[in-house]
Amino acid sequence: MPEADSLREVGRFDSNCPGALFLAIGGLHGNEPAGIEAAGRVLTRLEKGNVKLRGRFVALRGNRPALAQNQRFIERDLNRVWKASDLLGLEQRKHHQDGPDEGELRDLLQTFSRLFVESCGGAPLEDIVLLDLHSTSGPSTPFLCMADTLQNRPVSFALEVPVILGLEEALEGTLLDYMSEAGHISMAFEGGAHTDPSTIDCHEAAIWCGLVAAGCLDERALDEDPDDMAAMRKRLRRAAAGAPAIVEVLHRHGTHPDDGFVMAPGWANFQPVQRNGILAKDDCGDILSPLTGRLLLPRYQAQGDDGFFVARDVRPIWLRLSAWLRRRQLDRFLHWLPGVTRQDGDPRRLRINRQRALFGVKQVFHLLGYRRYQEDETGFLFLRRPDRLSPKAKTQ
Ligand SMILES: [Zn+2]
């Protein structure tokens with residue numbers, strides 16, 4: 001009999017009513033167990049029987065060997081291995097050849113494919129929603145990352161914490177990216193510092209608010225307890241007070257294990273930065289901000305290769321405009337622009353020629369739902385994210 005802490009499923013709650021599968025995963029980074037504890041609290045409350053759920057809630061553990069050692073990962077970061085090349089590598093080798101983190105990747109893929117075909121209340125799943133729960137090495141306002149698809153927006157914005165766009169362009173191989181590319185609703189939620197007890201509270205609030213936004217719960221579902229939905233929303237709003245509503249990542253500073261990278265002391269998430277302000281140093285000297293904006297995710301821990309990110313605020317009007325443009329499928333005409341061609345005739349993949357393209361064309365691509373996925377000397381390759389153009393369309 002395996003130890004409870006080594007099981008993939010923390011637990012599940014079935015309503016026996018048709019609805020969405022709402023998946024919460026904690027500890028994809030092994031030194032970030034707060035999400036698992038928060039999901040356990042939600043399960044306990046659901047099991048008390050006074051909360052009426054539609055669909056199914058399942059809580060999963062992420063990287064179990066890393067969780068057991070309270071380390072971000074053992075050999076490979078389990079939140080950077082969801083690229084097509086990694087998945088192909090998995091197919092080409094036998095499971096006994098997997099490293100510890102790769103074994104977790106294989107097992108998670110099998111778990112997802114099992115969960116995604118289970119029926120719910122006698123009907124196929126109406127939707128698949130993933131909330132990937134993380135925490136940060138330093139103190140931080142809670143925030144959420146999403147790939148900017150139309151289906152991700154309503155659930156993400158319902159949590160009322162800052163939303164970061166474009167992180168999946170800067171980080172390759174995240175679970176969030178993998179799920180978004182499959183057309184599912186998926187968000188990564190950062191609840192605060194690893195060891196701060198309020199991080200568990202924020203994760204718990206994010207799960208409840210996410211369940212309401214996904215249609216699994218009514219807004220009044222927790223009214224019988226003092227910790228009702230209004231209290232959960234207040235908890236998130238208070239923790240995120242003063243932070244911007246939406247930002248877009250424009251720069252990532254990557255690090256190498258031996259480059260001597262050290263963040264300058266005192267930087268906090270979302271703190272404004274000036275162009276050329278000193279953010280960190282490494283063996284080559286001071287590292288300056290390439291632009292004026294906001295600092296994101298300063299690295300105050302030993303593991304990982306993301307030094308920091310710089311982002312800029314996004315005005316909500318741009319999101320409204322981009323939804324309007326995408327629903328009219330104006331991307332059909334993008335390859336008519338100078339310097340833009342379809343890659344291999346595929347309308348989802350467009351190449352921008354660096355020399356010939358108009359200034360600002362990349363911003364237009366983002367507005368129309370494309371993400372950059374490759375860059376070389378001659379230009380950029382952009383891939384259209386899978387938007388659901390009709391609000392009633394399902395994921396499967
Ligand atoms: Zn994490």
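Values quoted throughout were computed directly from the atomic coordinates according to the rules given, and no laboratory measurement underlies them. All of these numbers come straight from a predicted model, not from anything done at the bench. Cβ sites come from the backbone with ideal geometry, for glycine too, and all protein chains shown count toward neighbours.
Data for the structure
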| read-out | value |
| --- | --- |
| Alpha-carbon Rg with Dmax, taken over the range 78-194, Å | 15.5, 45 |
| Loop-resident sites, the range 240-311, for trypsin sites (Lys or Arg not before Pro), counting at most 11 other Cβ within 10 Å (DSSP) | 275 |
| The range 95-162: mean projected area of Cα convex hull, nm² | 7.4 nm² |
| 25 °C / 0.890 mPa s Stokes-Einstein diffusion coefficient of the range 326-395, Kirkwood radius on C-alpha pairs, µm²/s | 196 µm²/s |
| Extent along principal axes [Cα atoms of the range 4-239; Å; largest to smallest] | 51, 44, 37 |
| Loop sites in the range 310-385: chymotrypsin sites (Phe, Trp or Tyr not before Pro), DSSP, at most 13 other Cβ within 10 Å | 359 |
| Residue pairs, from the table 52/234; 48/234; 281/362, whose Cα atoms sit over 26 Å apart | 281/362 |
| Value of [θ]222 nm, deg cm²/dmol, for the chain, DSSP H segments ≥ 4, -39500 (n - 2.57) each, nearest 500 | -8000 deg cm²/dmol |
| Reduced Cα scattering model of the range 246-313, Debye log10 I(q)/I(0), q = 0.18 Å⁻¹ | -0.59 |
| Mean Cα-pair separation over length for the chain, i.e. relative contact order, pairs under 8 Å, 6 or more apart, % | 15 percent |
| Cα Rg, Dmax, the chain, angstrom units | 21.0, 63 |
| Alpha-carbon radius of gyration plus Dmax, which is the widest Cα pair, for the range 274-316 in Å | 11.7, 40 |
| Top of 321, 381, 159 by mean-square fluctuation, Gaussian network on the chain, Cα under 10 Å | 321 |
